[in-house]
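Data block below; observations after.
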Amino acid sequence: MKIVVIIGPTGVGKTKLSISLAKKMNAEIINADSTQIYKEANIGTAKITEKEMEGIKHHLINIVSLKQDYSVKEYQSSARKILDSLIKENKNVIIVGGSGLYLKALLYDYRFSDEEGSINYDNYKNEELKARVDQLYEGNNIHLNNRKRLIRFLSHYDLTGEIIKNNNEKDKPLYDFTLIGLTAPREELYKYLNDRVEIMMCDGLLEECRSLYNNGFEKANRLIGYKEFFDYFKGDINLVTAIDETQKRTRNFAKRQYTWYNHQFKNIKWFNVNYKDFNETIKKIEDYLDSL
């Protein structure tokens, strides 16, 4: 059996590749995207549809409500149970998603304290969380916008009195897997991401956001493609600005993903995406996997 892990920035074609490989390998797919776990968020998360699944079994999609709390630790536990079960069945597995911490927690010796995540920091802004983290540990590399990691750091400290520092064990893989990375020239990727937001608007993104806003799904406010329109509904910005901000933050997110992957993962086999003929990209990857 084989485990193939597909990473890459948002909008680079991971989903399409995963379906093609799963069909060829008779594999099941485990989701590693932290936004696609939510039942109510569909268009803005570019969630795979049932039609796009083409009958391939997917795990850990649509598993929680935006009104529920869900931690990386919970994902780790659920995903490992599924992965271990598929390994016992000698089933090929495709793991796909852009959430680097989900992948790290699943595939490597990434450990959490039992109490971690039990403190509520909802009333604190990112700037306040970051300032406290910097005060506790000047050598941290946690980005201001990485709210989950800021909270994880502070929760661990407040409950244990210990500071989370770089841990070599977190780089120790627990499974034998092949890591495939999809990439594209920045200008091409950014144009695709800008166009994708426009397509999402035509597909009903504004209406989806309005429904979530009106029905009190406040956690959607943390997701790119939702926060900006929540600000629009509040009257803080106009619609054009909301669209522009969504495009801008999506581009920035893709840039941060690249940085995270290259810092956290080793032995990535990168493939340049051909947006005009994605089947060519798929063929190159299939040939590479066949050669292993």
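The values are calculated or read from the model by the stated rules, or taken from the named source; none is laboratory data. None of these values were measured; they are calculated from a predicted model. Note that we place each Cβ from the backbone using ideal geometry, even for glycine, and neighbour counts take in every protein chain shown.
Tabulated results
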{"quantity": "Identity of the residue in region 19-47, within 15 Å of the chain's Cα centre (by Cα) and small (Gly, Ala, Ser), that ends up farthest from GLN76 (Cα to Cα)", "calculated": "GLY44"}
{"quantity": "Residue within region 217-227 that is at pLDDT below 95 and either in contact with a His (Cβ under 9 Å, 6 or more places away or on another chain) or of a type in the set (S, T, N, Q) (or both) present", "calculated": "yes"}
{"quantity": "Among (1) out of contact with any Phe, Trp or Tyr (no Cβ under 6 Å at 6 or more places or on another chain); (2) closer than 21 Å to GLU74 by Cα; (3) part of a helix (DSSP H, G or I); (4) at pLDDT 85 or above - the single one ARG152 does not satisfy", "calculated": "(4)"}
{"quantity": "Hey, ASN90 touching a Lys or Arg at 6+ places or on another chain (Cβ under 6 Å) and either of a type outside the set (Gly, Ala, Ser) or surrounded by 15 or more Cβ atoms within 10 Å (Cβ to Cβ) (or both) or not", "calculated": "no"}
{"quantity": "Selected residue (only one of LYS16, LYS2 is modelled with pLDDT of 95 or more, farther than 28 Å from ARG147 by Cβ, surrounded by 16 or more Cβ atoms within 10 Å (Cβ to Cβ) and not polar (S, T, N, Q))", "calculated": "LYS16"}
{"quantity": "ASP33 among the acidic types (Asp, Glu) and either surrounded by fewer than 17 Cβ atoms within 10 Å (Cβ to Cβ) or closer than 20 Å to GLU207 by Cβ (or both)", "calculated": "no"}
{"quantity": "Complete set of residues in region 196-219 that are closer than 19 Å to VAL12 by Cα and within 20 Å of the chain's Cα centre (by Cα)", "calculated": "ARG196, VAL197, MET200"}
{"quantity": "Residue list for region 220-241, restricted to those being surrounded by 15 or more Cβ atoms within 10 Å (Cβ to Cβ) and closer than 19 Å to THR10 by Cβ", "calculated": "ALA220, ASN221, LEU223, ILE224, GLY225, TYR226, LYS227, GLU228, PHE229"}
{"quantity": "Qualifying positions in region 200-236 - under 20 Å from ILE48 (Cβ atoms) and of a type in the set (Ser, Thr, Tyr)", "calculated": "TYR226"}
{"quantity": "Residues of region 52-72 classified as modelled with pLDDT under 95 and surrounded by fewer than 17 Cβ atoms within 10 Å (Cβ to Cβ), total", "calculated": "3"}
{"quantity": "Residue match in region 206-229 (condition: touching a strand residue (DSSP E or B) at 6+ places or on another chain (Cβ under 6 Å), touching a residue at least 12 places away in the same chain (Cβ under 8 Å) and either of a type in the set (Phe, Trp, Tyr) or over 30 Å from LYS23 (Cβ atoms) (or both))", "calculated": "no"}
{"quantity": "Qualifying positions in region 37-64 - in contact with a Leu (Cβ under 8 Å, 6 or more places away or on another chain) and among the polar types (S, T, N, Q)", "calculated": "THR45"}
{"quantity": "Single condition PRO185 does not satisfy, out of (1) under 30 Å from ILE3 (Cα atoms); (2) within 20 Å of the chain's Cα centre (by Cα)", "calculated": "(2)"}
{"quantity": "Number of the exception - LYS276 against (1) loosely packed, with under 13 Cβ neighbours inside 10 Å; (2) on the phi < 0 side of the Ramachandran plot; (3) at pLDDT 95 or above", "calculated": "(3)"}
{"quantity": "Filtered residue count, region 243-272, keeping only those that are over 14 Å from the mean Cα position of the chain (by Cα), closer than 27 Å to TYR288 by Cβ and among the charged types (D, E, K, R)", "calculated": "2"}
